[in-house]
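Notes follow the structure.
The values are calculated or read from the model by the stated rules, or taken from the named source; none is laboratory data. Since we're looking at a predicted model, the values are computed, not measured. Cβ sites come from the backbone with ideal geometry, for glycine too, and all protein chains shown count toward neighbours. The accessibility values were calculated without ligands, DNA or RNA, using every heavy atom of the protein model including side chains. Shrake-Rupley method; radii C 1.70, N 1.55, O 1.52, S 1.80 Å.
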Amino acid sequence: MNAPTLPALVDTLVAARRAGGFRYNGQERVLRQFAEHSRREGYADGSIIQEAVEGFLYGRHLKGSTIRREEIVLRELAEHARQFGWQAWAPPTLTHVKTAHRPPPYVFSDDEIRRLFHAIDTQTLSEMSNRALVDPVLFRVFYATGMRLSEALNLELRDFDPARATIEVRDGKNRENRILPVTGRLAATLETYIAAAEPHFEPAHKLFHTGDRSRPVDKSTVYNRFRRYLSDADIPHFRGGPHVHSLRHGFAVANLRRWAAAGADLAVMLPYLSAYMGHADLRGTQYYLQLTADAYPEVAAMTQARFGYVIPDPAKSEGVQR
């Protein structure tokens with residue numbers, strides 16, 4: 001084992017974490033920044049000293065939550081460095097992060113999803129807006145792919161490949177690209193939509209726009225329309241939801257329900273769901289096991305033996321809002 005420089009040490013840590021199944025992209029970015037900070041400030045290789053770590057963590061006026069995350073990354077680096085014989089100072093947990101109470105995410109019922117899309121599909125046509133053309137497709141993309149709002153709105157025409165029935169998400173939340181296979185039904189819907197909405201096809205045009213093809217639909221516009229569709233579908237809106245992001249939750253839960261009903265091993269399927277949804281690691285995806293158990297107790301019963309450490313018995317869960 002040999003890591004004579006800090007950048008080389010970072011390389012070995014990143015490689016080890018990725019070999020263990022983690023994407024480790026955000027953590028790698030912090031580690032590279034720390035290595036550059038140490039080089040710029042003139043700290044010698046072979047050790048990680050307290051002054052270098054504290055100057056990096058506490059000298060940039062970061063939010064407490066950001067510092068907390070970076071403390072964890074640099075503690076991992078210190079532990080890794082010691083395996084190579086380096087003297088390495090590890091930051092203690094100094095930053096208290098306040099976490100606001102948030103209600104649990106909203107999961108639509110099957111009936112609510114049917115009512116919601118009926119409201120979207122039967123809206124009144126208007127010469128003043130293209131929403132009757134855009135929204136039935138946009139919201140189906142949310143629910144059928146689990147994309148984040150920003151990812152869907154950033155899609156360009158060239159990102160959809162009808163021959164392969166795929167959508168490419170470029171520069172997603174974790175600064176990664178990913179290619180999503182979609183159902184034949186959604187691919188056909190997108191083809192029909194593009195033929196109607198884009199008679200003069202330009203690859204860089206936004207897939208979902210309000211007139212200016214170089215600019216996507218505004219997020220606030222999507223939020224406002226969604227609230228209107230909820231009202232039309234007689235689905236109440238409250239502080240905990242439903243929100244546009246609830247369609248992403250619905251995608252994950254629907255897949256977990258389907259796999260559980262088919263007897264699939266969810267331990268095998270979770271990494272696929274994680275990669276498809278663009279999660280940085282499996283923790284975000286395991287979170288959906290809890291949502292599935294809360295909303296659909298029959299799935300919890302089927303998976304309790306396999307995921308007892310993740311899904312609690314719903315009968316013992318207190319104060320859970322559905």
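Observations
- Index of the failed condition, residue 244 passing every other in (1) in contact with a Phe, Trp or Tyr (Cβ under 7 Å, 6 or more places away or on another chain); (2) free of Cβ contacts under 8 Å to residues at least 40 places away in the same chain; (3) not aromatic (Phe, Trp, Tyr): (2)
- Listed by first and then second residue, the pairs linking a residue in segment 50-64 that is not charged (D, E, K, R) to a residue that is not in a helix (DSSP H, G or I), with Cβ atoms under 6 Å apart and 6 or more places separating them unless they lie on different chains, are 50/89; 52/43; 53/89; 53/91; 64/95; 64/97.
- Condition check for residue 62: open to solvent by less than 50 Å² (accessible area, probe 1.4 Å) and either farther than 13 Å from residue 81 by Cβ or not β-branched (Val, Ile, Thr) (or both): no
- Within the set 190, 157, the sole residue that is over 21 Å from the mean Cα position of the chain (by Cα), farther than 24 Å from residue 113 by Cβ and open to solvent by less than 20 Å² (accessible area, probe 1.4 Å) turns out to be 157.
- Hits in segment 33-49 - residues which are charged (D, E, K, R), free of Cβ contacts under 8 Å to residues at least 24 places away in the same chain and under 20 Å from residue 11 (Cβ atoms): 36, 40
- Residue among 233, 267, 315 that alone is out of contact with any Cys (no Cβ under 9 Å at 6 or more places or on another chain), of a type outside the set (Phe, Trp, Tyr) and either surrounded by 14 or more Cβ atoms within 10 Å (Cβ to Cβ) or modelled with pLDDT of 90 or more (or both): 233
- Filtered by the rule that a residue be of a type outside the set (Gly, Ala, Ser) and within 25 Å of the chain's Cα centre (by Cα), segment 202-216 gives 205, 206, 207, 208, 209, 215, 216.
- Looking only at segment 160-177, and only at residues there that are buried (at least 19 other Cβ atoms within 10 Å of the Cβ) and under 18 Å from the mean Cα position of the chain (by Cα), the one that is modelled with the lowest pLDDT: 169
- Out of 109, 126, 150, sole residue that is more than 30 Å from residue 239 (Cβ to Cβ), at pLDDT below 95 and polar (S, T, N, Q): 126
- Residue within segment 78-95 that is open to solvent by 60 Å² or more (accessible area, probe 1.4 Å), free of Cβ contacts under 8 Å to residues at least 40 places away in the same chain and basic (Lys, Arg) present: yes
- Test: residue in segment 26-35 that is acidic (Asp, Glu), surrounded by 14 or more Cβ atoms within 10 Å (Cβ to Cβ) and outside any helix (DSSP H, G or I): no
- Test for residue 183: is it open to solvent by 20 Å² or more (accessible area, probe 1.4 Å), modelled with pLDDT under 90 and among the hydroxyl-bearing types (Ser, Thr, Tyr): no
- Whenever a residue of segment 104-122 is in contact (Cβ under 8 Å) with a residue 24 or more places away in the chain, its partners that are surrounded by fewer than 16 Cβ atoms within 10 Å (Cβ to Cβ) and among the small types (Gly, Ala, Ser), lying with C-beta atoms within less than 7 angstrom and at least six residues away or across chains, give the pairs 104/240; 106/240.
- If you filter segment 103-125 down to residues that are part of a helix (DSSP H, G or I) and out of contact with any Phe, Trp or Tyr (no Cβ under 8 Å at 6 or more places or on another chain), you find that the one that is farthest from residue 257 (Cα to Cα) is 121.
- Search result, residues across segment 138-150 that are open to solvent by 10 Å² or more (accessible area, probe 1.4 Å) and assigned to a helix (DSSP H, G or I): 140, 143, 144, 149, 150
- Residue within segment 206-213 that is open to solvent by 70 Å² or more (accessible area, probe 1.4 Å), in contact (Cβ under 8 Å) with a residue 60 or more places away in the chain and closer than 24 Å to residue 129 by Cα present: yes
- Subset of segment 131-188 (residues that are polar (S, T, N, Q) and farther than 13 Å from residue 222 by Cβ): 145, 166, 174, 177, 183
- Selected residue [at pLDDT below 75, crowded, with 18+ Cβ neighbours inside 10 Å and under 30 Å from residue 217 (Cβ atoms)] from 300, 295, 254: 295
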